[in-house]
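Down below is the structure, laid out as structure tokens.
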Amino acid sequence: MAARRDIVADAEALARTAAERLLARIEAQPGRVAICLTGGSGPKRMFELLAGEFASRIPWPRVHWFIGDERFVPLDDALSNMGTAQRMLLDGRAPAETIHPIPTAMATLDDAALTYQRDLQACYGADRLNPARPLFDLVLMGLGPDGHTASLFPDAPALAEELRWVVGVETAHVAPFVPRVTLTLPTLASCREMLFLVGGAEKRAVLSRVLAGEDLPATRAHSLNETVWLIDRAALPEDVDAG
């Protein structure tokens, strides 16, 4: 299924539109909901909105929160993706049993990856993904300056992984240069909607490469159902029609 592009005016519109899409996915599911968050600076304003203005619209006890990738640092480290999400959004709102961080206190990357894979499988109720039954209702994604998404970097072996749901990444290609743990492309694809958040003029060059179809991790990433690229005008390449 072809990806859709939604163009919004600015960073505030990007955050608000993303928050509304997340809420729509929650509202579409009467039972348990699974949301996979992304790290970096992109979702921070969205977290603020969800924690404040929109908090009363979230049925916190039935929404489970996961993370697409993690830096191999303690949860209370400023670099921790899920740690940031907890501090800005989840703490004091989401019940502890609905928050699923990657266990970075484990001895090795492989230990953390396997443990998180087992957590995902337990929540999913199976050890194999069924294309007809998505793992996540929504997966949020970012776009790195080299075209990486989650912690799937260009030319990395993890891009070819088809069996494991989660893998360790020894070397990051961009700062911060710390080891990572990331969901693989098939795991991320198992969602009702994959929503890329792309904002700011610094993303314009790499977004141009993605939209041109260059073989980059972010180009390969897609949902088996709906994929949406949410882009603000500052990030939009000059040669792309804003619609």
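Please treat every number below as a calculation from the coordinates, not as lab data. What you see is a predicted model; the values in this text were computed from it and never measured. Glycine also receives a Cβ, built like all others from the backbone with ideal geometry; neighbour counts cover every protein chain displayed.
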Item to check | Cα gyration tensor category, rounded, prolate or oblate, for region 120-243 with a/c compared to 1.5 | outcome: oblate
Checklist entry - Where Lys and Arg each count +1 and Asp and Glu each count -1, what net charge lies around Thr84 among other residues with Cβ under 13 Å from its Cβ? => result -2
Next on the checklist: With +1 assigned to the C-beta of every Lys and Arg and -1 to the C-beta of every Asp and Glu, and no other charges, what is the dipole magnitude of the chain about the Cα centre in debye, to the nearest 20?
Outcome noted: 580 debye
Checklist entry - Comparing Gln117, Gln29, Gln86, which has the greatest mean-square fluctuation in the GNM of the chain with Cα pairs linked when under 10 Å apart? => result Gln29
Next on the checklist: Which one, Thr187, Leu211, Trp229, is farthest towards the positive end of the dipole of region 178-243 when Lys and Arg carry +1 and Asp and Glu -1 on their Cβ?
Outcome noted: Thr187
Checklist outcome for this item: Summed over the other residues with a beta carbon less than 11 angstrom from that of Arg180, with K and R at +1 and D and E at -1, the charge totals -2
Checklist entry - Can you list the GluC sites (Glu not before Pro) in region 3-109 that are in a DSSP coil and have 14 or fewer other beta carbons within 10 angstrom? => result Glu53
Next on the checklist: With unit charges on the beta carbons (Lys and Arg positive, Asp and Glu negative) and the dipole taken about the Cα centre of region 26-135, which residue among Ala113, Pro134, Met82 sits farthest to the positive side?
Outcome noted: Pro134
Item to check | For region 131-243, size of Cβ-based charge dipole, Lys and Arg +1, Asp and Glu -1, in debye | outcome: 280 debye
Checklist entry - For the chain, what does the alpha-carbon gyration tensor say about shape, rounded, prolate or oblate, given a ≥ b ≥ c as the root eigenvalues, a/c under 1.5 as rounded, and a/b over b/c as prolate? => result rounded
Item to check | Net charge of neighbours whose Cβ lies under 14 Å from the Cβ of Glu27, counting Lys and Arg as +1 and Asp and Glu as -1 | outcome: +3
Checklist entry - If you average the sequence gap of Cα pairs under 8 Å that are 6 or more apart and divide by the length of the chain, what percent do you get for the contact order? => result 25 percent
Item to check | Over region 66-153, relative contact order from alpha-carbon pairs under 8 Å, at least 6 apart, % | outcome: 26 percent
Checklist entry - Mind checking which of Leu135, Leu79, Leu163 has the largest fluctuation in a GNM of the chain, springs on alpha carbons under 10 Å? => result Leu163
Item to check | Bridge type composition, the chain - antiparallel percent by DSSP, nearest 5 | outcome: 25 percent
Checklist entry - With springs only between Cα atoms under 10 Å, which of Val206, Val198, Val174 fluctuates most in a Gaussian network model of the chain? => result Val174
Next on the checklist: Given the DSSP H assignment, sum -39500 (n - 2.57) over each helix run of at least 4 residues in the chain and divide by its residue total; what's the result at 222 nm in deg cm²/dmol, nearest 500?
Outcome noted: -7500 deg cm²/dmol
Next on the checklist: Among Pro176, Ala150, Ala2, whose Cα projects farthest towards the positive end of the dipole of the chain, with charges put on the beta-carbon of Lys, Arg (+1) and Asp, Glu (-1)?
Outcome noted: Ala2
Checklist entry - DSSP H helices in the chain with Cα extent of 15 Å or more along the helix axis and mean Kyte-Doolittle hydropathy at least 0.0? => result 11-28
Item to check | Three-way shape label, region 182-243, alpha-carbon gyration tensor, a/c 1.5 | outcome: prolate
